1. Starting with the fewest neighbours, write out Leu60, Leu14, Leu34 ranked by other beta-carbon atoms found within 10 Å of each beta-carbon.
2. How far is it, in nm, from the label point at Ile66 to the one at Lys49 when both lie 7 Å from their Cα along the line to the Cβ?
3. Take every Cα pair under 8 Å in the range 1-68 that's 6+ residues apart, average their separations, divide by the length, and report that relative contact order as a whole percent.
4. Using just the helices of the chain, give the 222 nm mean residue ellipticity in deg cm²/dmol: DSSP H runs with n ≥ 4 each add -39,500 (n - 2.57), and the total is spread over all residues, rounded to 500.
5. Just name one of Phe69, Tyr52, Asn30: the one whose Cα is farthest towards the positive end of the charge dipole of the range 1-76 (beta-carbon charges, Lys/Arg +1, Asp/Glu -1).
6. Calculate the all-directions average of the projected area of the chain's alpha-carbon convex hull, and give it in nm².
7. So how much slack lies between Asn5 and Tyr20, counting 0.36 nm per residue of separation and subtracting their Cα-Cα distance, in nm?
8. For the chain, with a Gaussian network of springs between Cα atoms less than 10 Å apart, report the residue from Gly17, Gly29, Gly46 with the top mean-square fluctuation.
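What follows is calculated from the coordinates using simple rules that are stated; it is not laboratory data. Here the structure is a predicted model, which means the values were calculated and not measured. Don't worry about glycine lacking a Cβ; one is built from the backbone with ideal geometry, like all the others, and counts go over all protein chains shown.
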Amino acid sequence: MVGWNWRDMADFALEHGLDYPQRVDHRSGNDTFLYQGAFWIADSEGNVKAKYCSQNVVALRDGKIITSFPKSSSLPAGVC
């Protein structure tokens, strides 16, 4: 991902969070699912500079994505 712009990173985080979620919660109050998937930003030498958890909200009724955003994470690898 070296040299990616913010849009490339946003697309990756969204797709990764939906394709390989670490956690999925049904939110009955608004009939949505929250898909969460961790990802890390590293420099060109592979040193992790930031950890994030992709938050992806999807409507149960029609499967449309309502919103997607990153959330900073200090959790260990594999946990979102």
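1. On the way: Leu60 12, Leu14 19, Leu34 16.
Exposure proxy ranking, most exposed first: Leu60, Leu34, Leu14.
2. With each label point 7 Å from Cα toward Cβ, the separation is 3.3 nm.
3. Numbers: 109 pairs, mean separation 17.6, N = 68.
Value for the range 1-68: 26 percent.
4. Numbers: 1 runs with 14 residues, N = 80.
Only helices count here, giving -5500 deg cm²/dmol.
5. So the residue furthest toward the plus end is Asn30.
6. Details: hull surface 21.9 nm².
Over every viewing direction, the Cα hull of the chain projects on average to 5.5 nm².
7. 3.2 nm
8. The residue with the greatest mean-square fluctuation here is Gly29.
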